[in-house]
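What follows is a set of notes on a single structure, which appears directly below.
The values are calculated or read from the model by the stated rules, or taken from the named source; none is laboratory data. These numbers come from a predicted model, not from an experiment. Don't worry about glycine lacking a Cβ; one is built from the backbone with ideal geometry, like all the others, and counts go over all protein chains shown.
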Amino acid sequence: MSVLEVRNVYKIFGKNPEKARTMSEQGHSKAEILEKTGNTIGVNNVSFTVEAGETFVVMGLSGSGKSTLIRCLNRLHKPTYGEVILEGENIVDMTPEALRHVRRKKMSMVFQNFGLFPHRSVIQNVDYGLEIQGIPLKERRVKAQEALALVGLEGYESMKPAALSGGMQQRVGLARALVTDPDILLMDEAFSALDPLIKKNMQDELLSLQEKMKKTIVFITHDLDEALKLGDRIAVMLDGTIVQIGTPEDILTHPANDYVRDFVENVNRARVITASSIMKPPLAVVDSKDGPKAAVRKMENEGISSVFVVDKQRKLKGIVTVDDCVPLIKKGINSLESVIQPIEHATGPDTLIADMLEMATTAQYPIAVVDENHRLLGVVVRVSVIAGIKGADKEVGNDVA
């Protein structure tokens with residue numbers, strides 16, 4: 001269910017926004033509009049929805065409009081045109097009192113530069129949002145302590161921000177945003193100022209927190225690897241417009257234009273592409289009640305030498321080979337049970353290619369892809385793993401059912 005809906009939002013800086021919007025609708029570029037009107041289009045007719053519990057990442061180069069966009073969501077920038085719908089209400093038209101309620105209760109924001117008060121202790125920084133709500137000291141300190149525990153900063157309550165590392169300061173900022181238990185968390189380049197190792201640790205921390213809390217997050221970044229790691233869906237921005245919205249795999253495997261294609265060119269695909277994207281339907285399977293003749297017939301028809309065995313619910317039982325089935329036929333044995341081999345390698349549809357490499361190099365047979373009930377969904381052959389890493393578009397074949 002959508003908890004936030006952005007409808008045709010523009011943010012135009014300057015004295016003649018209507019002329020700028022008209023020129024944009026006529027197809028003029030951002031640079032042309034600036035030259036002819038003196039107006040800068042920060043956000044240009046942007047629409048999207050954010051689902052409950054989703055991490056929605058907005059990615060783009062510097063100047064693409066992503067930070068302006070996130071500030072339109074809580075009206076730090078009031079959109080020039082368009083609507084931002086939260087729980088059926090348009091934030092753009094809210095009274096100051098209603099907007100304060102949204103910022104205090106519904107949305108919290110984590111900034112790139114931490115934004116901590118240097119004269120206040122860690123716990124005083126964290127409970128600030130509760131303080132301005134008028135929450136009694138004892139109650140807000142309990143909640144602030146809980147938020148600090150969530151981000152791993154127990155024991156640092158009385159310290160001042162200057163005594164903390166950059167990563168720890170950002171954890172304080174995150175705890176401050178979480179302490180009011182907001183429905184939506186806005187994060188504007190939250191980890192961009194951190195050193196690479198600390199940045200990775202904070203990304204892992206956010207993923208761990210999200211697993212527990214299931215917050216709705218809008219995350220702004222210029223780092224594609226960060227977007228691919230954190231995002232359930234990604235919106236790619238250029239010159240104030242969104243040029244593509246999709247899952248990390250969508251963005252990586254089906255870039256909408258050259259701009260997106262250039263962005264994803266050097267990405268480690270093995271850390272993004274999953275088994276479901278490279279698996280193939282089994283060419284043939286046999287029921288565990290079938291006999292060796294039926295199994296051999298299917299192998300002959302498909303030109304393969306082994307076939308997966310499933311039960312009536314399509315749960316994977318194992319695999320049989322032509323070399324094992326032929327002797328059964330000669331002996332007049334009508335059951336496959338004695339020659340069903342256990343599955344050497346099976347995985348789920350969400351397994352990353354990177355985690356399948358070892359299986360692919362050691363597996364005698366293709367890798368079975370099964371669901372949570374061990375039902376056979378497809379197969380992954382070794383060449384599919386290699387093609388997935390290299391981004392090959394050509395079809396690859398099966399060598400088993």
Seminar exercise, completed: Scanning segment 335-390 for residues that are farther than 17 Å from Lys280 by Cα and of a type in the set (Asp, Glu) gives Glu337, Glu344, Asp355, Glu358, Glu372
Exercise. Are any of the residues in segment 33-43 closer than 29 Å to Gln203 by Cα and either modelled with pLDDT of 95 or more or hydrophobic (A, V, I, L, M, F, W, C) (or both)?
Worked result: yes
Exercise. Consider Leu137 against the criteria (1) in contact with an Asp or Glu (Cβ under 9 Å, 6 or more places away or on another chain); (2) surrounded by 13 or more Cβ atoms within 10 Å (Cβ to Cβ); (3) not polar (S, T, N, Q): it satisfies all of them except one. Which criterion is unmet?
Worked result: (2)
Problem set entry | Any pair with Cβ under 6 angstrom, 6 or more apart, that starts in segment 223-251 at a residue that is in the same structural domain as Gln203 (by TED's automatic domain parsing) and ends at one that is modelled with pLDDT of 90 or more and of a type in the set (Lys, Arg) | Met237/Lys66; Asp239/Lys30; Thr247/Arg233
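What about Pro255, is it free of Cβ contacts under 8 Å to residues at least 12 places away in the same chain and buried (at least 17 other Cβ atoms within 10 Å of the Cβ)?
Spelling it out, Pro255 is indeed free of Cβ contacts under 8 Å to residues at least 12 places away in the same chain and buried (at least 17 other Cβ atoms within 10 Å of the Cβ).
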Problem set entry | Filter pass, Val43 being in contact with a Gly (Cβ under 9 Å, 6 or more places away or on another chain) and in the same structural domain as Glu205 (by TED's automatic domain parsing) | no
For this session: Mind telling me which of the residues Ala31, Ala52 ends up being small (Gly, Ala, Ser), in contact with a Lys or Arg (Cβ under 9 Å, 6 or more places away or on another chain) and surrounded by fewer than 22 Cβ atoms within 10 Å (Cβ to Cβ)?
Result: Ala52
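Just to be sure before I move on: is Met279 farther than 28 Å from Thr216 by Cβ and crowded, with 17+ Cβ neighbours inside 10 Å in the structure I sent?
Numbers: farther than 28 Å from Thr216 by Cβ: yes; crowded, with 17+ Cβ neighbours inside 10 Å: yes.
Against the criterion (farther than 28 Å from Thr216 by Cβ and crowded, with 17+ Cβ neighbours inside 10 Å), Met279 qualifies.
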For this session: Return yes when Glu205 is assigned to a helix (DSSP H, G or I) and either touching a Ser or Thr at 6+ places or on another chain (Cβ under 6 Å) or not assigned by TED's automatic domain parsing to the domain that holds Leu150 (or both) and no when it is not.
Result: no
Problem set entry | Check on Ser64, hydroxyl-bearing (Ser, Thr, Tyr) and at pLDDT below 95 | yes
